[in-house]
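Written out below as structure tokens is the structure these notes cover.
The values are calculated or read from the model by the stated rules, or taken from the named source; none is laboratory data. Because the structure is a prediction, the values reported are computed rather than measured. Because the Cβ atoms are built from the backbone with ideal geometry, glycine has one as well, and the counts that use them run over all protein chains shown. Areas reflect the complete protein model, heavy atoms only, side chains present, ligands, DNA and RNA absent. Shrake-Rupley method; radii C 1.70, N 1.55, O 1.52, S 1.80 Å.
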Amino acid sequence: MEKFVIQGGARLTGEVTIGGAKNAVVAIIPATILAKGRCVIGNIPNISDVNILLKMLSEMGASVSFLDKTTVEIDTTHIVNPIVSYDLARYLRASYYCLGALIGRCGKASVSMPGGCHFGVRPIDQHIKGFEALGTTVGIDHGMINAKVEHHLMGSHIYFDVVSVGATINVMLAAVRAKGLTVLENAAKEPHIVDLANFLNTMGADVRGAGTDVIKIHGVDIMRGADYTIIPDQIEAGTYMIAAAATGGDVLVKNVIPKHMESITNKLVQAGVEVEEFDESIRVRRDGPICATTIKTMPHPGFPTDMQPQFTAMLTLAGGTSVVTEGVWDNRFRYVDELARMGANIQVDGKVAVVQGVETLTGAPVKATDLRAGAALMIAALMAKGTTEIEDIYHIERGYEDVVEKFRSLGAPIKRVETPDLEIPAAL
Ligand code: EPZ
């Protein structure tokens, strides 16, 4: 096991380059299943979720090779095994995108119920509703989701009861091969939905309206391999922007799409941070105090839930009281207990956290409870007096590439160290 050891107090300065978007790549890799051919995907982030998905595709019969550090070639000509086992699916939510893609390609699939970050109950009823509307029978047995197309995949009109990124992507992956027109209403609008639609269209699909809440898909008979480059990661970029602001630093965040950052930029400005936008980069600096503010997370284009823990970490040192409302997940404040170990004053009542700014945080041993919680603890550690040790860093490495190297390049005193196995004394 390894942990991060972070010495607080440094101001982050310099430049950091953002990698490909995790939540786009985890949809685009499964989407390659739809092509009976070779895809070359660029701007692949170096994160563990990617490695696990590539292993899943290899087990199905695809051949996978890296052409360089950020470019992968996936040849899905010989997919023979439309199965994803628990051994791999348990590591990430996005394993279930193999379901939509395999339904589209093979007309059947057997995929273990997915793992991923734990924010309370994470239902998949909207995915199943969509697959069934397209003419698929879906059952869950022994932890496996089994899907079979009865006759043909048939286009359909589907109204999602909730705005769901996962259901929008999964149903889109199957619908591109359905006969006729599929209309997805109340669809999610995140940048990664648009990126997936663009990739599918490059493969020969006909998807229109991605990025709005109505997506129209005319099914096609054949999809081919394609070359594609993943968009930059909105959440990785936002995390470095907040880290720069939280430490009173001055950082140029490169390889971003500023339009994707607007909701985050807007809140940083309200918190007293200077943000300057360029074509493909954003400069963030702060000289004055952090101002208390309110945040409510919402589906895109609202403030992203995946930035909520990091922003809350920064607000622990704001002057005054901030109110943070989680509008997407039932239980995304588990990390607050860890921030409290560092001296933060946060009261949580259901989906609302009231953050009373304190003078200082102090370094402490803490645990990453999930991916973005881990990022929040890194930011808090940088703001704190003394040393913080963060355990369970595998959560962080699921979604942040070269995170130690990137933070170090900005002047953060952070190192990765082995933790010895704990010997638990035998019961007396
Ligand atoms: C995606 O999760 C992201 N994961 C999450 O990012 C992100 O927090 C979330 O979207 C919201 O933006 C990936 O893209 C791999 P949802 P997803 O389906 O697709 C309810 C990160 O940190 N719902 O949009 O699982 C659900 O309970 C990760 O990078 C249903 O009720 O989220 C939630 O309240 C963590 N029924 C809401 O919808 C369903 O069938 C939104 O969930 C599906 C979802």
### Task
Kindly indicate whether residue 391 is without any contact (Cβ under 8 Å) to a residue 24 or more places away in the chain and either among the β-branched types (Val, Ile, Thr) or open to solvent by 50 Å² or more (accessible area, probe 1.4 Å) (or both).
no
### Query
Hey, among the residues in the range 102-129 that are within 19 Å of the chain's Cα centre (by Cα) and either among the aromatic types (Phe, Trp, Tyr) or crowded, with 24+ Cβ neighbours inside 10 Å (or both), which one's nearest to the ligand (Cβ to nearest atom)?
127
### Query
Within the range 39-143, which strands (runs of 3 or more DSSP E) (wholly inside it) include 3 or more residues that are small (Gly, Ala, Ser)?
108-112
### Query
Name the residues in the range 22-54 that are more than 16 Å from the ligand (Cβ to nearest atom) and within 21 Å of residue 103 (Cβ to Cβ), would you?
32, 33, 34, 35, 36, 37, 39
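Whether any residue in the range 191-202 is of a type in the set (Ser, Thr, Tyr) and within 16 Å of residue 214 (Cβ to Cβ) is what I want to check. Steps first, please.
From the range 191-202, those of a type in the set (Ser, Thr, Tyr) are 202; that's our starting set.
This time we only want the ones that are within 16 Å of residue 214 (Cβ to Cβ), so: none.
So far as the range 191-202 goes, no, none of its residues is of a type in the set (Ser, Thr, Tyr) and within 16 Å of residue 214 (Cβ to Cβ).
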## Note on the structure
Selection over the range 16-36 where residues are open to solvent by less than 10 Å² (accessible area, probe 1.4 Å) and among the hydroxyl-bearing types (Ser, Thr, Tyr) yields a count of 1
### Message
Filter the range 268-309 down to the residues that are over 14 Å from residue 324 (Cα atoms) and charged (D, E, K, R) and list them by number.
### Response
274, 276, 277, 279, 280, 283, 285, 286, 287
### Summary
If we keep only residues of the range 138-180 that are farther than 18 Å from residue 102 by Cβ and of a type in the set (Val, Ile, Thr), then the residue surrounded by the fewest Cβ atoms within 10 Å (Cβ to Cβ) is 162
### Task
Return a yes/no flag: does the range 217-235 have any residue that is part of a helix (DSSP H, G or I) and either outside the structural domain of residue 269 (by TED's automatic domain parsing) or within 16 Å of the ligand (Cβ to nearest atom) (or both).
yes
### Task
Identify the single condition in (1) in the same structural domain as residue 156 (by TED's automatic domain parsing); (2) within 16 Å of the ligand (Cβ to nearest atom); (3) of a type in the set (Asp, Glu) that residue 206 does not satisfy, given that it satisfies every other one.
(2)
#### Entry: Residues of the range 311-368 that turn out to be open to solvent by 10 Å² or more (accessible area, probe 1.4 Å) and part of a strand (DSSP E or B), as a count
15
### Query
Taking only pairs six or more apart or across chains, which ones have beta-carbon atoms under 6 Å, a first residue in the range 11-29 that is farther than 21 Å from residue 409 by Cα, and a second residue that is among the aromatic types (Phe, Trp, Tyr) and more than 14 Å from the ligand (Cβ to nearest atom)?
28/199
